[in-house]
């Protein structure tokens with residue numbers, strides 16, 4: 001019987017697309033996939049892509065849960081702080097019900113029983129559901145691994161009484177230029193370059209506390225997946241490894257997916273980007289002109305070669321790590 005992975009991203013564009021890539025990769029490895037969107041995003045995707053766009057395949061299905069927010073403009077971008085509170089406080093119950101529905105269908109031969117969960121690292125309510133079922137729950141951090149380190153060290157900054165800021169003058173008086181030379185992997189970073197949720201004077205700030213909570217709970221995952229490759233961020237990965245469950249670097253995911261035989265029925269499911277044409281043109285001109293551009297192009301060529309090696313070679317780190325996370329974690333049956 002096929003293993004059955006339930007994949008659930010945080011309901012925002014920058015989280016949905018990477019999770020879709022990961023889900024497609026698992027599908028290519030023989031997993032039955034249930035991809036969970038919020039009802040709001042599901043309707044939005046159907047409007048933008050067409051009514052048949054999310055039909056999927058018999059072994060790659062889409063399901064929905066409510067996000068807990070009141071109805072809003074169908075084409076609006078949802079407020080992230082409100083969404084963060086809603087997913088934390090509301091989504092566990094409907095997600096649990098969905099898992100029961102899937103397993104009930106399995107008992108009648110409809111789909112395989114759910115064997116693992118792959119959730120966004122900031123959707124940690126899924127850990128409660130996976131624990132109840134006794135199945136692995138791998139957390140996928142879709143943002144920069146550097147930001148993950150930054151969030152982890154929020155607690156340490158609080159212990160040192162560096163944050164929250166004492167008053168709003170600290171935003172402009174040079175305080176944020178403070179050099180933090182004691183964070184492994186981020187030595188020499190300035191306070192202003194840490195994830196910006198710390199730039200608040202309010203100890204009850206929604207996003208500040210959301211980040212603290214989700215990072216703390218990430219320690220309870222079966223493993224953590226990062227969208228990077230070993231040679232790119234060795235020191236960052238080493239730093240994270242002291243705080244988190246086993247880490248598997250699978251990136252760049254788009255290259256790893258490119259090296260797999262894809263099912264055309266799964267193409268075109270990702271959310272459109274919001275980048276404006278003039279912003280892209282301005283960036284391209286900057287990269288094409290001057291010494292800075294030459295240096296960046298040289299470095300980019302080197303990184304491209306390293307990324308292709310990590311994802312394309314049979315012995316590439318990302319390809320090997322993908323096999324490892326499947327065999328060592330997602331297919332594991334020994335979960336407490």
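The values are calculated or read from the model by the stated rules, or taken from the named source; none is laboratory data. Note that the structure is a prediction, hence the values are computed from the model and not measured. With ideal geometry, Cβ positions are generated from the backbone for all residues, glycine too; neighbour counts draw on all protein chains shown.
Just to be sure I understand, how many residues within the stretch 35-60 are modelled with pLDDT of 95 or more and out of contact with any helix residue (DSSP H, G or I) (no Cβ under 6 Å at 6 or more places or on another chain)? Reasoning before the result, please.
In the first step, residues of the stretch 35-60 are kept if they are modelled with pLDDT of 95 or more; the result is 35-36.
Subsequent filtering for residues that are out of contact with any helix residue (DSSP H, G or I) (no Cβ under 6 Å at 6 or more places or on another chain) retains 36.
The number of residues fulfilling the criteria is 1.
Within the stretch 1-14, count every residue that is in contact with a strand residue (DSSP E or B) (Cβ under 7 Å, 6 or more places away or on another chain) and farther than 15 Å from residue 138 by Cα. Show your work before the answer.
We begin by selecting, within the stretch 1-14, every residue in contact with a strand residue (DSSP E or B) (Cβ under 7 Å, 6 or more places away or on another chain); these are 2-11.
The next check asks that each one be farther than 15 Å from residue 138 by Cα; those that pass are 2, 11.
Going through the stretch 1-14 one residue at a time, the tally reaches 2.
Quick grid of which residues meet (1) at pLDDT 95 or above; (2) over 20 Å from residue 38 (Cβ atoms):
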{"position": "111", "(1), (2)": "no, yes"}
{"position": "115", "(1), (2)": "yes, yes"}
{"position": "120", "(1), (2)": "yes, no"}
{"position": "126", "(1), (2)": "yes, no"}
{"position": "129", "(1), (2)": "yes, no"}
{"position": "132", "(1), (2)": "yes, yes"}
{"position": "136", "(1), (2)": "yes, yes"}
{"position": "145", "(1), (2)": "yes, yes"}
{"position": "149", "(1), (2)": "yes, yes"}
